[in-house]
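**Q** Here it is, the structure, as structure tokens.
Only the coordinates and a few stated rules stand behind these numbers; no lab work does. Because the structure is a prediction, the values reported are computed rather than measured. Don't worry about glycine lacking a Cβ; one is built from the backbone with ideal geometry, like all the others, and counts go over all protein chains shown.
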């Protein structure tokens with residue numbers, strides 16, 4: 001086997017693999033960016049669900065924003081039973097959402113900390129279920145939780161490197177603030193990842209919006225440079241590779 | 001016998017009066033040793049009968065950090081509040097005193 005051949009990880013999003021030479025490069029960090037309501041969390045969770053159910057790849061979903069019971073409820077609408085997979089130890093959902101009752105209120109922060117705790121928590125689950133997929137949803141919440149952005153930037157690089165070194169493909173979601181043009185609140189999200197996928201939900205008339213997806217970059221892959229139609233169906237997210245979005 | 005019982009009861013009360021200080025650290029965290037030093041030095045001023053220091057090494061016990069949603073280290077938690085980074089002694093003292101007041105209030109309302 002040639003070491004220079006890139007092994008691909010199937011995304012589990014119908015139509016997306018066709019745009020990126022068959023899947024994400026294994027062991028890479030991929031950023032899913034988009035404004036609120038574009039489907040970032042659904043796409044990332046679908047990546048974990050399909051990995052476990054169709055490709056025999058256990059996954060760890062780390063939620064920093066939405067509590068697990070709401071994620072489970074929302075994904076069940078697409079026929080994706082996360083609770084069942086969790087019981088079967090095919091996936092692990094790590095609840096680091098602010099809604100946890102026992103989480104203390106932070107009254108002080110000094111610029112002398114690292115994210116080694118987060119690293120230990122994630123690697124613990126990766127080891128327990130032999131995960132090869134990890135999702136961190138969402139990076140953006142860290143900007144509101146911590147003031148020291150310089151530290152966070154450096155720590156994100158370290159964290160992504162550690163997780164991918166453990167043999168996992170890492171998906172990070174990042175929310176683009178409503179009026180901004182960048183890819184997230186830290187301005188480094190795009191550098192952090194070897195692949196960037198942007199989701200849109202643009203208003204195309206007074207009465208309708210159109211969802212679309214763009215592969216902005218994917219190192220080591222020939223990818224479509226167009227913006228393709230995407231829909232949230234009853235079975236989750238689906239991309240139409242042959243359909244160019246009218247909205248963007 | 002009655003005396004013994006009485007003594008036992010008072011020890012129990014003292015134990016429950018202690019303020020729990022939980023310090024989260026990891027093997028790889030460069031700031032943790034200094035933070036632990038500051039915490040121990042500050043708490044010494046209060047005397048060991050006032051508080052109980054619990055050290056959680058997240059590298060060995062990640063489940064504990066996950067339970068409390070603590071992933072930035074070092075973090076010290078006193079009562080329901082926490083501080084991340086190497087804490088200043090003044091803030092730690094305020095946290096301990098605040099926790100003491102809260103404990104007294106709780107006892108008073110019983």
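**Q** Take the alpha carbon gyration tensor of the stretch B:16-100, find the square roots of its eigenvalues, order them as a ≥ b ≥ c, and report rounded if a/c is under 1.5; if not, report prolate when a/b exceeds b/c, else oblate.
**A** prolate
**Q** A further question follows. Given the peptides A:117-125, A:60-68, arrange them by the average over their residues of other C-beta atoms within 10 Å, most packed first.
**A** A:117-125, A:60-68
**Q** Let me ask something additional. Give the shape of the protein assembly as shown as rounded, prolate or oblate, defined through the alpha-carbon gyration tensor: a ≥ b ≥ c are the square roots of its eigenvalues, a/c under 1.5 means rounded, and otherwise the shape is prolate if a/b is larger than b/c and oblate if not. Working shown, then result.
**A** Details: a/c = 2.26, a/b = 2.23, b/c = 1.01.
Verdict is prolate for the protein assembly as shown.
**Q** Then there is this: Rounded to the nearest 5, what % of the DSSP beta bridges within chain A are antiparallel ones?
**A** Within chain A, antiparallel bridges account for around 45 percent of the total.
**Q** How big is the Rg/Rh ratio for the stretch A:111-236, C-alpha atoms only, Rh by Kirkwood, two decimals?
**A** On the way: Rg = 16.7 Å, Rh = 16.6 Å.
Ratio of gyration radius to Kirkwood radius: 1.01.
**Q** Could I ask something else about it? Residues of the stretch A:55-72 with backbone nitrogen within less than 16 Å of a virtual label 7 Å along the Cα-to-Cβ line of residue A:36, please, listed as ranges.
**A** Only A:65-67 pass the distance filter.
**Q** May I pose another question? If each residue's Cβ is checked for other Cβ atoms within 10 Å, how do B:26, A:245 rank with the fewest at the top?
**A** A:245, B:26
**Q** Pull out a ≥ b ≥ c, the square roots of the eigenvalues of the alpha-carbon gyration tensor of the stretch A:17-86, then state rounded if a/c is under 1.5, prolate if not and a/b is larger than b/c, and oblate in the remaining case.
**A** Since a/c reaches 1.5 but b/c is at least a/b, the shape of the stretch A:17-86 is classed as oblate.
**Q** Between residue B:104 and residue A:102, what is the label-to-label distance in nm when each label sits 7 Å out along the Cα-to-Cβ direction?
**A** For residue B:104 paired with residue A:102, the spin-label model returns 3.0 nm.
**Q** Using just the helices of the protein assembly as shown, give the 222 nm mean residue ellipticity in deg cm²/dmol: DSSP H runs with n ≥ 4 each add -39,500 (n - 2.57), and the total is spread over all residues, rounded to 500. Don't jump to the answer; show the numbers that get you there.
**A** Details: 11 runs with 127 residues, N = 358.
So the helix-based figure for the protein assembly as shown works out to -11000 deg cm²/dmol.
**Q** Here's a follow-up. If the chain between residue A:244 and residue A:216 were fully stretched, how many nm would it gain, using 0.36 nm times the residue separation less the Cα-Cα distance?
**A** Separation in residues times 0.36 nm, less the Cα-Cα distance, equals 8.6 nm.
**Q** Let me ask something else about it. Find the centroid of the Cα atoms in the stretch A:83-139 and in the stretch A:141-187, then give the distance between the two in whole Å.
**A** 14
**Q** Right, next: Give me the orientation-averaged projected area of the Cα convex hull of the stretch A:15-132, in nm², one decimal.
**A** Numbers: hull surface 37.4 nm².
Reported value for the Cα convex hull: 9.3 nm².
**Q** Next question. Rg over Rh of the stretch A:79-184, using C-alpha atoms and the Kirkwood radius, what does it come to? Walk me through the intermediate numbers first.
**A** Details: Rg = 15.3 Å, Rh = 15.6 Å.
Radius of gyration relative to Kirkwood radius: 0.98.
**Q** Same structure again: For chain A, what's the relative contact order in percent, using C-alpha pairs closer than 8 Å and at least 6 residues apart?
**A** So the answer I get is 28 percent.
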